[in-house]
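**Q** What follows is a single structure, and I will ask about it in a moment.
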């Protein structure tokens, strides 16, 4: 991950969990979602203002649905915002996003703990 871009993102979106060295992640998928948002921003898919607004909307939506906002679900909101913007900007349809999410769920279900998860064509069935 480009450290300059990560630093700029933490300045533009102040809610990002971070320490003195930059963003912090509890799980690898959180870092991957962060990196995807950076890459899409750098490609001009959305501005940081659009990102911050969408992320804020997703956090508010989750809180209204009962999320206690302890910080543990922050990257779930990040992912929801990412999926929303990707669909709104026409990068991928919501159906495509759901298809891949379901495929990953199937792949996770059949993969023994500690083994790499691999998508197969049958996961899309």
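**Q** Only one of these is under 22 Å from residue 45 (Cβ atoms) and out of contact with any helix residue (DSSP H, G or I) (no Cβ under 6 Å at 6 or more places or on another chain): 122, 73, 93. Name it. I'd like the intermediate steps shown before the answer.
**A** Numbers: 122 fails: under 22 Å from residue 45 (Cβ atoms); 73 fails: under 22 Å from residue 45 (Cβ atoms).
Being under 22 Å from residue 45 (Cβ atoms) and out of contact with any helix residue (DSSP H, G or I) (no Cβ under 6 Å at 6 or more places or on another chain) holds for just one of 122, 73, 93, which is 93.
**Q** Would a scan of the range 10-19 turn up a residue that is modelled with pLDDT under 80 and touching a strand residue (DSSP E or B) at 6+ places or on another chain (Cβ under 6 Å)? Talk me through it step by step, then tell me what you get.
**A** Step one: of the range 10-19, the residues modelled with pLDDT under 80 are 10-19.
Adding the requirement that they be touching a strand residue (DSSP E or B) at 6+ places or on another chain (Cβ under 6 Å) leaves 10, 16.
Scanning the range 10-19, I find at least one residue that is modelled with pLDDT under 80 and touching a strand residue (DSSP E or B) at 6+ places or on another chain (Cβ under 6 Å), so the answer is yes.
**Q** Hey, another quick one. If the requirement is being closer than 24 Å to residue 98 by Cβ, within 14 Å of the chain's Cα centre (by Cα) and modelled with pLDDT of 90 or more, which of these qualifies: 27, 58, 50? Can you show your working first?
**A** Working: 27 fails: modelled with pLDDT of 90 or more; 50 fails: within 14 Å of the chain's Cα centre (by Cα).
After applying the criteria, what remains is 58.
The values are calculated or read from the model by the stated rules, or taken from the named source; none is laboratory data. Not measured: the values here are computed from a predicted model. Positions of Cβ are backbone-derived with ideal geometry, glycine not excepted, and every protein chain shown enters the neighbour counts.
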